[in-house]
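Just below is one structure, and these are the notes that go with it.
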Amino acid sequence: MSDKYPPIVNGKSVYDLESGKYLKMWQGPQHPGVTGNMSLELIISGDQIVDCKTHVGYLHRGFEKLMERRRYINCFPIVCRICVPEPDTNEYLFAAAMEDLMGIEVPERAKWLRTLNMELSRLASFLMWIGGQSGAFGHGTVAQWALAHRDFVLDLFEEWTGARIYHMYTTPGGVRGGTPEGWDNHVERVLQGVEKFLTEVNHVMFNNAVFKSRAVGLGIIAPDMIDRFGVVGPVARGSGIVRDTRKDNPYLIYDQLDFNIETETAGDVYARAMVRWKEMHQAISLIRQIIKRMPRTGPLHITLPNVLHLKVPAGETYVRAESTRGEYGYYMVSDGTIYPRKITVRGPSYSHAMALLEHLAVGVNIADTHGLMLSLHTYPPEIER
Amino acid sequence: MTDIDKIHDSLEAKPEPADTETNNNTEREWRKDEKTLTNSELSLEEQDWFCDARPQPVKPAWGPIEKFYNWARSHSLWILAFGTGCGAIELRPLVTARYDISRLGMQPRPTPRQASVFMIGGYVSIKTLKRIVRSYEQMQGPKFVVAVCSCAINGGMYWDSYNTIKRIDHYIPVDVYVTGCMPRPEAVIAGFTKLKELIMAGKAEGQNLYAEKFDWYKANQKQVIKDWNMPDYNW
Amino acid sequence: MSFATKLMLSFLSLGVITIWGLTLNGIVAKIFARVQGRLGPPFWQPFIDIIKNNAKRTTVSHGIMFYLGPVFRIAGGIGTYMFIPAVLGSVMFSNYSVSGDVFLVMYFIFFGQLGMALGAGEGGHPYSAIGVARGLAQMTAFEVPFALSVISLAVQYHTLNITEIVMAQQGSILNWTLFTNPLAVIAAMIAMLGMTMYNPFSVVIAPQETPIGPPTEYSASFLGLLATNRGIFNAAKLVLFMNLYFGGATNIISMLVKTFAIYMFSVFVGVAFPRFKTEDSIRFFLKVPALLGALAIVVWLI
Amino acid sequence: MKQLDTELSKQFTLSDYVEQRPELAFVTVEKQQLVPLLTYLRDTKKYTHLVTLTAVDWLEVNQFQLTYLLHNYETHTDIGIRVKLDRDNPVMETIHHLWEQARVYQRELHEMFGIDFPGSPGVEEPMILEGWQGPPVMRRDFDTAKYSLETYDHRKRDTREPEIYMKEKLYPED
């Protein structure tokens, strides 16, 4: 065991490719098993990974730089592009950071609508993940079903906000509009479909002997690794850590909603998948609660002065929300002008895909790399912005 | 060491010191002519590994046969599974149950050797452009490029970004553009339908265009990819 | 009948079986698509793909062995088919069945894979190398239950000639090996799951786990040849299974129906399962199926 | 949070205390005291989660501001530790021994701002920008629009002044 792995010197493993013992292999960026556009540099010995290095930066557009030279309202079209499959968290957090600095309280109805927006997008993002996770273990059928259901959720977004992917629904001071007439029935229909699908997933995927044989015991995250690697969200909850930003630091109207933090204790790929499966049920229940209790009348947004010349008071703040990958945060510094001084996006994929994946991948069979990677649920655009 | 190792090692390899290069270059002159590439950014050892032939335009077959071939090509478009930008997110609905392009004879293909369509999904950063060029050159012709999203056309909302190129057609030949941010899957399917029409009419000759204007494309690529450390043409 | 006529008829039957095999592949793609909730490609899509692949203008070769890989593969496919009587009693479809052809056919099943392994190895791509390693390991594993099952048949029928094995099963449906030697059939059918390379034993050509296995570097007409072989080889294997375990066929219609039905077994398993890792699949094959095969021999020896 | 600040002030030189929200405060510390302060907060005060590490370029006063944001999962409070660095010679102690993911943040800061963290593993390697030859991009004296216009081929487009164009299009006789 010990001589199988190359020695680690100064935090880096040292290997000699000429010895013929190790093979260097790249996976990605052109690779169907890698999430999005990133690559893994793997050193393998036999069928086992002995060293893994994540390479990112293929999607870097320099958001933080671009936002420094755009006015606050002009930043809105680009913040949602930071995370493609789940843009609404970005929109909300950017608005929330601005509102925090400006001392604005958004109307009650806007809060409910923002929560609804984020929960729906959570459902869509999880459906996308389930497609990836089952696909990584070769279960194409579940992947196809999942992405079809995700598309029905996107249809709801389209009817509501007018866009499939980038909704740009949350604006500073409120939201863009209410829900359309008769939309609630469409939501209920889609949710019933998703619930039926989740039952089937339980039968076909979670109770499947092959899936179990591969997922159980793979990529175990011990509870003591949680703080050392900055693990958050469902990945941490899969290791039995009871943490959820929605409960711990309630924002919007999450303190008025009825839900529990879902956890599993095993800390492997199967446990993380199970946590996400439960959280999809949770999201469905939250959407139902919101639609039932949401105020139907009232202002949607407060009136701001001319937004192009909006000056945000000097100061700095950090706001966070629970995305599907875990704690998502915006750190905003304003110097009192019409341009933001500095915005840093804290994406959970950042620490998961880089430090944690490099640590977990060592010793894993090469066929399991993508199952492991998908179980961390990383979205490359939010790593490199 | 296998091929891909060499390629990836070469991505990180430092250029050789200039003096050794001049010493040995004379030995290699005999095999250089106007049909070969210089691969001057590679070390001498690496120059031995890589092919230095220039891409050549290929003449279409005799009329009716080419028509039949074009029909087959247009009904069996294999997309390279390379999500280069945000546009890749619409690739998944496209290949799955809702929009299902497999009914049109398309399917995603995991290796560039077997793919015939390159779908550029949105903005292209410099680091990705390098891989796009490599993947594109590894595809076997006739090959087609569909550029999806506004950012691939004119930079879109990243027009002032330091890390994205502003128009993809200066770097690889593009057959069809699909505008929008994001374009809906229907729009992408419409783009593929347009590509089919072009192939059927024999107008989608991007591969030959690339071979004919190879020096121009290569100069454009090298202008933005500052650390060009791969062979000039990746077979 | 002269040798030339016989040869011509054999090649005609090879053409029929190629078309049938490719059609089967197209139908299977359609069935997969329907289970996954989509329309799927038309069933003639494999033919268009082969035409397209052969119509490619450029291709890359990595040397003579790379070139010969697909040739070996298709030789394995044709060889497998040429020594199996596809339709009992038919002149055209009887092919070159000789005594001991069971082992010849098993050798040919192996031969194509080995040739492909050599060719893909020269491609030099690590994905190919990993795919080849996985493919050979998995093949060695599923050959065990299959070989045991075939030996059990040899013990049962006292022959190694496929034609004679088919003859022994004629008369009634109860004479089929399926009913006379069910243990061997179960072992062989599980081995067939590995042979057809659908889930859960598809890790060799899996697009996610390592794309896309041995054919990573193959393009254009090489790929066309491989795709053609996929038609021939699948159909030949199905015909072999039909002959050995399901009473063979006395006319072409029953041959088509039976091969289709046998294929559906692996397809329906494949659509509902994720895939095994190589180690898992080897472990799987060497446990229950191998035991069943051995048991089938023991039962008939006693 | 104010209580924590007074408690910390006994051991460390703190300044510029700002309480943004009841559960979020920012405080500036001397450069030399940062690592002891972070270790103290992590081990004694249960600020176990490194949320983010980022830098702000204050070009006007020739300073970089590093912000270390820590979170306490028991009281659910955040504290942001600011450190001012000299912009001409930005060097900072590494904290990768406290949190594993810090080395990724430090690698990014090294690339984007040119701040050096000696001893952090792999900090010299390029992470996001490959073959970048210009100055560190996130510094405020780097003009991205100018660089983009100079370096890349932009597609020419018809830019029309809306007012004039509307006039020409709708009321050509005027």
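The values are calculated or read from the model by the stated rules, or taken from the named source; none is laboratory data. If you're wondering where the values come from, they're calculated on a predicted model, not measured in any experiment. Every residue, glycine among them, receives a Cβ derived from its backbone with ideal geometry; neighbour counts consider all protein chains shown.
Checked against (1) within 21 Å of A:T171 (Cβ to Cβ); (2) surrounded by fewer than 20 Cβ atoms within 10 Å (Cβ to Cβ); (3) within 14 Å of chain D (Cβ to nearest Cβ), A:H359 meets all criteria but (1).
For the range B:88-99, the set of residues classified as within 9 Å of chain A (Cβ to nearest Cβ) and of a type outside the set (S, T, N, Q) consists of B:A88, B:I89, B:E90, B:R92, B:P93, B:V95, B:A97, B:R98, B:Y99, listed by residue number. A:T344 satisfies every condition listed in (1) modelled with pLDDT under 85; (2) within 30 Å of A:L374 (Cβ to Cβ) except (1). Within the range A:157-186, track down each residue that is within 14 Å of chain B (Cβ to nearest Cβ), outside any loop (DSSP other than H, G, I, E, B) and in contact with a Leu (Cβ under 9 Å, 6 or more places away or on another chain). Within the range A:157-186, A:F157 is the sole residue that qualifies. Considering each residue of the range A:253-269 in turn, none proves to be assigned by TED's automatic domain parsing to the domain that holds A:I220, within 30 Å of A:V364 (Cβ to Cβ), touching a strand residue (DSSP E or B) at 6+ places or on another chain (Cβ under 7 Å) and not aromatic (F, W, Y).
State whether the residues of the range B:35-49 include one that is at pLDDT below 70 and more than 19 Å from B:Q140 (Cα to Cα). Scanning the range B:35-49, I find at least one residue that is at pLDDT below 70 and more than 19 Å from B:Q140 (Cα to Cα), so the answer is yes. Taken together, the residues in the range C:121-134 that are in a helix (DSSP H, G or I) and within 10 Å of another protein chain (Cβ to nearest Cβ) amount to 9. Screening the range A:39-61 for residues that are within 11 Å of chain D (Cβ to nearest Cβ) and part of a loop (DSSP other than H, G, I, E, B) and picking the one that is nearest to A:L360 (Cα to Cα) gives A:V56.
Where helices (runs of 4 or more DSSP H) sit wholly within the range C:252-302, those with at least 2 residues that are within 12 Å of another protein chain (Cβ to nearest Cβ) occupy C:252-272, C:278-286. Counting only strands (runs of 3 or more DSSP E) that sit completely within the range D:1-66, those holding 2 or more residues that are surrounded by fewer than 18 Cβ atoms within 10 Å (Cβ to Cβ) and touching an Asp or Glu at 6+ places or on another chain (Cβ under 8 Å) correspond to D:14-21.
Those helices (runs of 4 or more DSSP H) of the range B:129-235 in which 2 or more residues are touching a Gly at 6+ places or on another chain (Cβ under 6 Å) occupy B:150-154.
For the range D:63-85, the count of residues that are more than 11 Å from chain A (Cβ to nearest Cβ), among the polar types (S, T, N, Q) and more than 14 Å from the chain's Cα centre (by Cα) is zero.
Scanning the range B:88-120 for residues that are within 15 Å of B:M182 (Cβ to Cβ) and of a type in the set (V, I, T) yields a total of 2. Restricting the search to the range A:337-354, which residues are farther than 24 Å from D:E100 by Cα and either buried (at least 24 other Cβ atoms within 10 Å of the Cβ) or facing chain D (nearest Cβ under 9 Å) (or both)? Correct list: A:R341, A:K342. When each of C:A137, C:A191 is tested for being surrounded by fewer than 24 Cβ atoms within 10 Å (Cβ to Cβ) and either touching a Ser or Thr at 6+ places or on another chain (Cβ under 9 Å) or not in a helix (DSSP H, G or I) (or both), the lone residue that passes is C:A137.
In the set A:V275, A:V319, only one residue is under 30 Å from A:S375 (Cα atoms), buried (at least 18 other Cβ atoms within 10 Å of the Cβ) and in the same structural domain as A:S125 (by TED's automatic domain parsing); that residue is A:V275. When the range A:25-38 is limited to residues that are at pLDDT 75 or above and at the interface with another protein chain (Cβ under 7 Å from one of its Cβ atoms), the one that is nearest to the chain's Cα centre (by Cα) turns out to be A:N37. Selection of the range A:310-336 for residues being over 19 Å from the mean Cα position of the chain (by Cα) and either within 12 Å of chain D (Cβ to nearest Cβ) or in contact (Cβ under 8 Å) with a residue 40 or more places away in the chain (or both) yields A:L310, A:V312, A:P313, A:A314, A:G315, A:E316, A:T317, A:M332, A:V333, A:S334, A:D335. Looking at this structure, is C:G26 out of contact with any helix residue (DSSP H, G or I) (no Cβ under 6 Å at 6 or more places or on another chain), part of a helix (DSSP H, G or I) and either in contact (Cβ under 8 Å) with a residue 12 or more places away in the chain or of a type outside the set (K, R) (or both)? Here the answer is no, as C:G26 does not meet what is asked. Yes or no: the range B:64-76 includes at least one residue that is facing chain C (nearest Cβ under 10 Å) and assigned to a loop (DSSP other than H, G, I, E, B). Yes, the range B:64-76 contains a residue that is facing chain C (nearest Cβ under 10 Å) and assigned to a loop (DSSP other than H, G, I, E, B).
Residues in the range C:86-99 that are over 17 Å from C:T259 (Cα atoms) and either surrounded by 19 or more Cβ atoms within 10 Å (Cβ to Cβ) or within 19 Å of the chain's Cα centre (by Cα) (or both): 3 in all. Just one residue in the set A:Y92, A:Y22, A:Y58 is aromatic (F, W, Y) and modelled with pLDDT under 85; that residue is A:Y22. So, D:D43, is that one within 14 Å of chain A (Cβ to nearest Cβ) and at pLDDT 85 or above or not? Yes; evaluated as a whole, the condition is true for this residue.
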